[in-house]
Amino acid sequence: MGRPDPSELKRVIDLTAGAAADYLAGIADRPVRDPRADEVAATFGGPLPEEGVGAERAIEELLGGLDGAVHSAGPKFFHFVDGGTTPAALGADWLATALDQNPGAWVSSPLGGRLEQVSIDWLQELFGLPAEWGGVLTTGATMANFVALGCARRWCAERAGVDIDDLGVAAAPPITVLGGGYTHPSDVKALGMLGVGRGRVRKLSRDDVGRVDLAAMEAALRELDGAPAIVIGSAGEVNAGDFDPLADLADLAKRFGAWFHVDGAFGLFAALSPRTKHLVEGVERADSVIADGHKWLNVPYENGFAFVRDPALLPAVFGSGAPYLPDIDDPQPNFGYRGPEMSRRARAFPVWATLRAYGREGHRAIVEHDLDLAQGLKETVDAAPDLERLAEVPLNIVCFRYRPAGSTDGPELDDLNRRIGEAALTDGRVFFGATTYGGRVAFRPALVNWRTRTEDVELVPQVVRELGAKLA
């Protein structure tokens with residue numbers, strides 16, 4: 001084969017669309033992970049071919065390897081907080097690939113730029129954030145945290161009279177970062193990449209599960225005596241879905257002149273339901289907030305959101321310039337100047353499409369459906385004599401463990417639950433694994449997929465008990 005042939009396009013699109021439709025039509029009936037997944041994945045490889053096989057053959061080979069994938073878009077994937085993809089988001093994402101837009105500069109895609117502008121406005125409205133804030137779409141929560149904390153870094157340095165983006169971190173005073181035990185690794189990773197330093201993060205917990213110690217945080221802020229500080233609040237802790245008291249953290253940050261950042265990767269979606277909106281009370285008082293789109297919004301990877309109170313900080317941190325690029329003061333939004341990527345995918349297409357297709361009420365219904373499923377799982381766990389719930393269920397995660405009659409708390413029970421978690425991942429009927437909560441090994445199935453049904457969730461305790469009886 002030589003260069004690509006335009007005549008391949010329709011055949012490849014038809015082949016892919018038909019196979020994808022069949023795949024998604026049957027995804028609920030598939031095991032989440034085929035026992036042969038590693039073996040199938042290993043069939044791909046070898047030396048770079050000198051002569052290609054052509055587009056259709058390459059796609060056919062990919063389709064033949066689907067058993068090597070984990071079917072995380074389906075209704076039984078609960079191990080990480082992974083959503084699926086709504087029909088509108090899927091169609092729009094395919095269209096984004098076909099158009100291959102780069103909304104880093106408005107001139108290269110007025111449509112891509114406008115859809116991102118509208119999507120940010122709609123998301124701020126959806127989450128109850130002030131309309132005058134600014135934002136940008138990112139590849140996910142890690143880069144959203146990078147954007148938000150990059151703005152925090154600049155803000156802290158400006159207060160000391162330093163342009164940190166020009167002079168570098170060595171020219172600015174060190175920044176202290178304070179959070180509770182719920183502070184997510186992606187926040188710490190972003191702070192490391194930004195040069196603030198992972199070791200500058202202090203996690204102030206009042207118990208062994210990580211609940212924030214407000215008194216210790218107040219004392220730490222007072223001891224800083226006005227030195228640069230960032231306070232991080234967690235909206236949706238990953239083991240049990242718990243929330244830091246955001247309003248209290250906002251009070252402390254304001255009183256001591258610190259930047260207040262809220263990591264709401266999935267928990268920010270609590271704002272969509274009257275049943276859970278109280279959990280994010282105070283989020284509108286933050287200086288920056290982030291969330292993931294490929295979690296509860298149910299749009300494809302890679303999609304995240306970063307919102308900042310002061311929109312001018314985004315181009316100050318991420319702006320650039322060259323004779324062939326738009327001016328940084330261009331009145332049109334050039335999103336390459338608002339985030340790390342200059343060239344970027346038109347990831348607003350699926351965000352705009354799913355919000356346009358289903359609106360506030362449709363996405364509220366997705367959230368509340370998963371809330372109901374989580375409460376149902378909680379009731380099942382509580383009623384079972386050999387299951388033990390370890391945490392409350394404020395949102396969409398049920399943290400529990402297997403505890404057969406006669407067992408005692410300790411290393412042996414932890415080892416049993418760890419082996420159950422490992423076995424569940426290879427069993428594949430439903431997908432969840434183990435974690436550690438309060439020093440105990442447990443499971444934390446997280447429900448965010450729009451496809452998930454009651455019978456899918458009921459598989460979790462069933463598989464735990466089957467595997468537990470076998471491994472005990």
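The table for this structure:
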quantity	calculated
The stretch 245-378: antiparallel DSSP beta bridges as a percent of all, rounded to 5	60 percent
Spin-label pair A25/D163, simplified geometry with 7 Å Cα→Cβ offset, distance in nm	6.1 nm
Net +/- balance of residues flanking S234 in space, Cβ distance below 11 Å, scoring K and R +1, D and E -1	-3
Longest to shortest principal axis, alpha-carbon extents of the stretch 196-287, angstrom	39, 27, 24
Rg(Cα) / (2.2 N^0.38 Å) computed for the stretch 344-429, rounded to two decimals	1.57
Contact order normalised by residue count of the stretch 28-73, Cα under 8 Å, 6+ apart, percent	71 percent
Antiparallel content of DSSP bridges confined to the chain, in %, to 5	60 percent
Distant alpha-carbon pairs in the stretch 162-243 (separation over 18 angstrom), percent	45 percent
Cα gyration tensor, the stretch 307-456 - rounded (a/c under 1.5), prolate or oblate	prolate
Calculated Rg and Dmax of the chain using C-alpha coordinates, Å	23.6, 74
Spherically averaged projected area of the stretch 272-326 from its Cα convex hull (nm²)	5.8 nm²
Inter-label distance for S320 and A131, nm, one decimal - labels placed 7 Å from Cα along Cα-to-Cβ	3.4 nm
Within the stretch 58-191: Cβ-based charge dipole about Cα centre, in debye rounded to nearest 20 (Lys, Arg +1; Asp, Glu -1)	400 debye
Within-15-Å neighbourhood charge of R419 [Cβ basis; K, R +1; D, E -1]	0
Accessible area of the stretch 301-424 belonging to carbon and sulfur atoms, whole % at 1.4 Å probe	50 percent
Whole-Å distance, taken between Cα centres, linking the stretch 34-80 and the stretch 233-258	42 Å
Charge dipole of the chain about the Cα centre (unit charges at C-beta), most positive-ward option of A88, T276, A365	T276
Over 23 Å between alpha carbons, listed pairs K277/K378; K295/K378; K203/K378; K203/K254; K76/K295	K203/K378
Net charge dipole size for the stretch 279-407 [Lys, Arg +1 and Asp, Glu -1 on Cβ; Debye, nearest 20]	260 debye
Theoretical FRET efficiency, 1/(1+(r/R0)^6), r = Cβ-Cβ of A17 and R222, R0 56 Å, to 0.05	0.35
The chain, relative contact order in percent, only Cα pairs under 8 angstrom and at least six apart counted	21 percent
Probe 1.4 Å, protein heavy atoms only - accessible area per residue of the stretch 307-456 in square angstrom	43 Å²
When the convex hull of its Cα atoms is projected in every direction, mean area for the stretch 100-246 (nm²)	10.9 nm²
Alpha-carbon radius of gyration plus Dmax, which is the widest Cα pair, for the stretch 41-156 in Å	19.6, 56
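The values are calculated or read from the model by the stated rules, or taken from the named source; none is laboratory data. None of these values were measured; they are calculated from a predicted model. No Cβ is skipped: glycine too gets one built from the backbone with ideal geometry, and neighbour counts run over all protein chains shown. Remember, those area values only see protein heavy atoms, side chains included, never the ligands or the DNA or RNA. Shrake-Rupley method; radii C 1.70, N 1.55, O 1.52, S 1.80 Å.
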